[in-house]
1. Looking only at the range 203-228, how many residues end up being more than 18 Å from G146 (Cα to Cα) and either among the charged types (D, E, K, R) or at pLDDT 95 or above (or both)?
2. For L147, all conditions in the list (1) crowded, with 24+ Cβ neighbours inside 10 Å; (2) farther than 15 Å from L203 by Cα hold save one; what is the number of the exception?
3. Considering each of T225, T153, T143 in turn, give the residue that is closer than 21 Å to S95 by Cα and under 13 Å from the mean Cα position of the chain (by Cα).
4. In the range 176-225, which residues are over 20 Å from W120 (Cβ atoms), among the polar types (S, T, N, Q) and surrounded by fewer than 17 Cβ atoms within 10 Å (Cβ to Cβ)?
5. Any residue in the range 205-221 that is free of Cβ contacts under 8 Å to residues at least 40 places away in the same chain and over 18 Å from L191 (Cβ atoms) sitting within a Cβ distance under 9 Å of a residue that is surrounded by 13 or more Cβ atoms within 10 Å (Cβ to Cβ) and among the basic types (K, R)? List the pairs, counting only those 6 or more apart or interchain.
6. Is the range 152-168 home to any residue that is of a type outside the set (G, A, S), buried (at least 23 other Cβ atoms within 10 Å of the Cβ) and touching a Pro at 6+ places or on another chain (Cβ under 8 Å)?
7. Could you run through the range 118-146 and say how many residues are touching a Pro at 6+ places or on another chain (Cβ under 8 Å) and either among the β-branched types (V, I, T) or without any contact (Cβ under 8 Å) to a residue 24 or more places away in the chain (or both)?
8. Looking only at the range 113-122, decide whether some residue is among the small types (G, A, S), crowded, with 22+ Cβ neighbours inside 10 Å and modelled with pLDDT of 95 or more.
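The values are calculated or read from the model by the stated rules, or taken from the named source; none is laboratory data. Here the structure is a predicted model, which is why all the values come from computation and not from measurement. Cβ coordinates were reconstructed from backbone atoms using ideal geometry, including for glycine residues, and neighbour counts include every protein chain displayed.
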Amino acid sequence: MVEHKNTTKKQRIVSIGLVAIVVVGLLGFIAYDFWMVNQKTTAILKAPGVVASKDDSQKAGEGSEVTPVTKDELSGYRVAADAPRVLTIDALSISARIRPMSLNSDNSIQAPKNIDDSGWYTGSVKPGEAGAMFIDGHASGATRQGLFGYLDTLKNGDTLSVEKGNGKKLKYKVVHVAVVPLDAVDMSKILAPYPGVSNGLNLMSCTGAWVDDAETLDHRVVVYTEQI
């Protein structure tokens with residue numbers, strides 16, 4: 001009887017030990033995943049040469065141009081071979097120029113002057129590189145809807161593409177869509193790949209209700225994608 005009790009006790013100890021190992025392993029994996037995301041964020045924000053220079057020359061004109069971009073203007077638009085040139089999102093009937101954007105003096109990322117253009121933050125990675133490329137755009141202009149007016153309707157699995165200056169096209173798949181209050185926006189998170197993603201493209205625009213004092217909408221929609 002004593003031997004049976006000892007055997008049962010040993011089995012319980014072994015079982016508890018195995019459960020503990022599994023739990024510790026799982027927690028270790030989660031911690032590692034968060035560490036990797038943090039490392040990617042740090043690389044984006046602090047690596048030499050990636051932080052775009054500050055320039056207020058564009059800020060006053062952001063979203064001021066409402067003249068539609070013609071097909072000829074789109075086809076004739078040129079950038080460096082490794083830079084993003086055209087953004088295409090079939091689900092939203094979007095085919096748009098990707099303009100290079102820098103930082104304003106208040107550290108906000110610039111947005112395009114034309115509401116039909118998208119803007120690539122040059123402090124983020126180039127297409128195909130490890131990390132997250134960041135592109136923003138306007139939801140609306142003074143008289144009509146902007147390029148990203150329906151960005152919040154994208155869903156997981158939707159695809160989009162980025163054409164580089166050399167004509168090569170890279171394809172991306174939506175993995176997460178988030179609508180965030182303006183006062184809760186965390187740009188370090190938005191400039192990093194979505195957890196588990198190595199090469200990503202993150203899109204952002206305004207949504208929600210207009211705030212007179214801030215002269216902007218009260219939420220941001222962020223679409224996280226993964227290169228496929």
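1. Adding up the residues that qualify gives 7.
2. (2)
3. On the way: T153 fails: under 13 Å from the mean Cα position of the chain (by Cα); T143 fails: under 13 Å from the mean Cα position of the chain (by Cα).
After ruling out the rest, the residue left standing is T225.
4. Correct list: T216 only.
5. That search, which allows pairs on different chains as well, returns G208/R220.
6. Yes, there is a match, as at least one residue in the range 152-168 is of a type outside the set (G, A, S), buried (at least 23 other Cβ atoms within 10 Å of the Cβ) and touching a Pro at 6+ places or on another chain (Cβ under 8 Å).
7. Selection size over the range 118-146: 3.
8. yes
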